[in-house]
Amino acid sequence: ELSTSDSGVRIYYTTDGSDPVPGDSSTYQYSGRITIKSRSGESNVLSMVSNIITDFSTQWKAPKGEVFKCTTIKAVAVRDDGSRSNVVTHSYFVDSNIKSRYSLPVISVVTDYDNLFDPSTGIYYGSNAEKTGKEWERAAHVEFFEPGGKLGFSQNIGLRIHGNYTRKFPQKSFRLYADGQNGDLGEFKYEIFPDLTKKSNGKKMKTFERLILRQSGNDWNNSYMRDEMMQSLVSHINILDTQAARPAVLFLNGEYWGVY
């Protein structure tokens, strides 16, 4: 159910990752309870976009069958004069065995389809993925769920592609910005890496300004753990900065996008 404490407003929502805009074909006016159920049997959408590779030694391949999907809802309250509330975003995972489906944390990133796959402006599309800088940051929303479903955090972010040569691969890395123009909280306030402490004072690290969803770099499609292992082998040396890591499952606009 969607509700608002304000009177004289209408609620609009979408399920495709786009911001609700009254009058758009993908925007619905809320009139009653929305049924959210398993999306089993629905066709793959994002994972069928083939023009995402510029490494010519790597061929695009369609998923082997249907990928698992969740439901995303973006909702906004709109007054008759056109003034709007902030957009609220949530992801819902429904399946008969959803509590035990993943032993890893689950991350859901939601953004407009064109932010990713528009031929001119999409950051995941073709050679666009090799472009960098603020002009190639897009507004998005992220939710982090612990195994079992407990919500760790949920907030608006700036989303960019991360990496060097790996930008050419079909599975790309992302940077999540909480402190940029599209982040609404300025930081991620959550103990994302359990027992990670600051070398300076030994206190637990519970706040982060930026995160990387990394597809294992040039080790992509191989061991998926080489860089994490190498970082851990030298993490005890105080004069070195090293990266903490935690494997997770990523959903992009409701579609399974692999392990990161």
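The values are calculated or read from the model by the stated rules, or taken from the named source; none is laboratory data. In this text the structure is predicted, and so the values were computed from the model without any measurement. Heads up, the Cβs are rebuilt from the backbone with ideal geometry, glycines too, and the neighbour counts pull from every protein chain shown. Ligands, DNA and RNA are excluded from the accessible area calculation, which covers all protein heavy atoms including side chains. Shrake-Rupley method; radii C 1.70, N 1.55, O 1.52, S 1.80 Å.
With respect to the conditions (1) modelled with pLDDT under 95; (2) part of a loop (DSSP other than H, G, I, E, B); (3) open to solvent by 40 Å² or more (accessible area, probe 1.4 Å), S50 lacks only one, and its number is (1). Considering only the range 79-87, I want to know if a residue exists there that is basic (K, R) and surrounded by 14 or more Cβ atoms within 10 Å (Cβ to Cβ). For the range 79-87, residues basic (K, R) and surrounded by 14 or more Cβ atoms within 10 Å (Cβ to Cβ): present.
Residue check: F174 meets all listed conditions (1) outside any loop (DSSP other than H, G, I, E, B); (2) farther than 23 Å from S127 by Cβ but one, namely (2). Residue by residue through the range 209-255, note down the ones that are in contact with a helix residue (DSSP H, G or I) (Cβ under 8 Å, 6 or more places away or on another chain) and not in a loop (DSSP other than H, G, I, E, B). Passing the criteria: G217, N218, D219, R226, D227, L252, E255. Of the residues that make up the range 61-74, is at least one assigned to a loop (DSSP other than H, G, I, E, B), farther than 29 Å from F193 by Cβ, of a type in the set (A, V, I, L, M, F, W, C) and open to solvent by less than 40 Å² (accessible area, probe 1.4 Å)? No; the residues of the range 61-74 include none that is assigned to a loop (DSSP other than H, G, I, E, B), farther than 29 Å from F193 by Cβ, of a type in the set (A, V, I, L, M, F, W, C) and open to solvent by less than 40 Å² (accessible area, probe 1.4 Å). Taken together, G82, G122 contain a single residue that is in a loop (DSSP other than H, G, I, E, B) and in contact with a helix residue (DSSP H, G or I) (Cβ under 6 Å, 6 or more places away or on another chain), which is G122. Assess whether G254 counts as being surrounded by 15 or more Cβ atoms within 10 Å (Cβ to Cβ) and farther than 28 Å from K74 by Cβ. The answer is no for G254.
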